[in-house]
Amino acid sequence: MLAEANFGGSSMAAIEARGLGRVYGRRRGGSKDGVHAPRDVDFVVEPGEVRGLLGPNGAGKTTLCRILCTVLAPTSGTARVLGHDVVRETTAVKRSVGIVFGGDRGLYGRLTARQNLQFWASLYGLHGRALRLRVDGLLERVGLTGRADERVDAFSRGMKQRLHLARGLVAEPPVLIMDEPTTGMDPVAAHDFRALVGELRGDRRTLLITTHDMAEAAAVCDQVTFIDHGRVLVSEKPAAIGALISRYERITATDVPAHVADALSALAGVVSVTVDGSQVTVETSDTEATRAVLQHLVGAGVTDLSTGRPSLEQVYLHVIGERGMAVSG
């Protein structure tokens, strides 16, 4: 586990956690420890930063977000948003944070998209012309102007997700927490979301985004944090994460005889060999293993080959472990 390098810096962080934890399932008077997610998290997001939070289901990502926006209370440690403690200063935190949790929660299906936003805007003290301008601007920003006066219960999942984004921006919060914000969106809407993130970055807003989409994290985030079993494993810039496990390399070759591909699996340092038709992909755990694989392929007469560093998704699999959709216990 690598600690955040800037933790405890002199400038006030947008989001800061120290030893943050939440326990589920603990029995009073019993010996059962319960499930910890998150567990002893030290976590810092600087003002204006876009931070991605990645991890498998059950890792603690959503719980962490819920603690930061005061929906849940931590059972250990502390967390602050723009200097405000999430337990002792909940009102100040709520004024600072916009929330995008997605799904049907938080939307009123019998109301139109416009009416939903009008309701939420009124709760933040907007009225009259200011309210109308804010609502109209948000509907346009998320591409719902043409469907603004339709009931939300007739919306697709992707349209509801767009409305959630608009709702999160109603109060123009300096900190925005988004839990799987592109779930259910088609590729065009997801592309528009990335453009929206760019605009929000330009406004110096701080964004915390949980996602399973590796490409999305690499495209929009300044830093990404991997979390598993409630613990922060590593936080780094997307382009630099590959360097953290630079011993992993990938060799791709075509027209590899079957017996040669079989022999590669027996070489020291070879993590995996994948055969897809005439193409073979070999993953190695260190530079020496890569050299041995290349020598073996060239010696067998294979010339159409290439090497590369792991993508963000490959890093995710190496760091977290290839557990797929398994839920942490």
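Computed from the coordinates by the stated procedures, all read-outs in this text should not be read as laboratory data. Only a predicted model underlies this, so the values are computations on that prediction, with no experimental measurement involved. Note that we place each Cβ from the backbone using ideal geometry, even for glycine, and neighbour counts take in every protein chain shown.
Convert each backbone phi in segment 94-110 into a coupling constant with the Karplus relation 6.51 cos²θ - 1.76 cosθ + 1.60 (shift: θ = phi - 60°), then list the ³J(HN,Hα) values in order as whole Hz, x for Gly and Pro.
4, 6, 9, 10, x, 10, 10, 9, x, x, 8, 5, x, 10, 9, x, 7
Per-residue HN-Hα couplings for segment 53-70, Karplus 6.51 cos²θ - 1.76 cosθ + 1.60 at θ = phi - 60°, whole Hz, x for Gly and Pro?
Taking θ as phi minus 60°, the curve returns 10, 10, x, x, 4, x, 6, x, 5, 5, 4, 4, 4, 5, 5, 5, 9, 6 Hz for segment 53-70.
Tabulate in residue order the Karplus-calculated ³J(HN,Hα) for segment 203-212, using 6.51 cos²θ - 1.76 cosθ + 1.60 with θ = phi - 60°, rounded to whole Hz; enter x for Gly and Pro.
Computed from phi, the couplings for segment 203-212 are 7, 6, 7, 9, 10, 10, 10, 8, 7, 9 Hz.
Over segment 15-238, what is the percentage of antiparallel beta bridges among all DSSP beta bridges, to the nearest 5?
The antiparallel proportion sits near 55 percent.
How much length is gained if the chain between residue 195 and residue 85 is pulled fully straight, taking 0.36 nm per residue apart and subtracting their Cα-Cα distance, in nm to one decimal?
Taking 0.36 nm per residue and subtracting the Cα distance, the gain is 36.4 nm.
Check each of the GluC sites (Glu not before Pro) in segment 59-152 and keep only those in coil by DSSP with at most 14 other C-beta atoms within 10 angstrom; list them in order.
150
Suppose every Lys and Arg Cβ carries +1 and every Asp and Glu Cβ carries -1, with no other charges. What dipole size does the chain come out with about its Cα centre, to the nearest 20 debye?
1780 debye
Among 172, 249, 216, what is the fewest-to-most ranking by other Cβ atoms within 10 Å?
Arranged by neighbour count, lowest to highest, 172, 249, 216 become 172, 216, 249.
Among 50, 315, 270, determine the one that fluctuates most according to a GNM of the chain built with springs between C-alpha atoms less than 10 Å apart.
Evaluated over the chain, the most mobile residue of the options is 270.
Sum up the charges of everything whose Cβ sits under 12 Å from the Cβ of residue 171, counting Lys and Arg as +1 and Asp and Glu as -1, but leave residue 171 out.
+4
Test of understanding: in a Gaussian network model of the chain with alpha carbons linked when under 10 Å, which of 305, 207, 20 would top the mean-square fluctuation ranking?
Checking each option, the largest mean-square fluctuation is seen for 305.
I want to verify a result. In a Gaussian network model of the chain, Cα cutoff 10 Å, which of these has the top mean-square fluctuation: 66, 141, 88?
88
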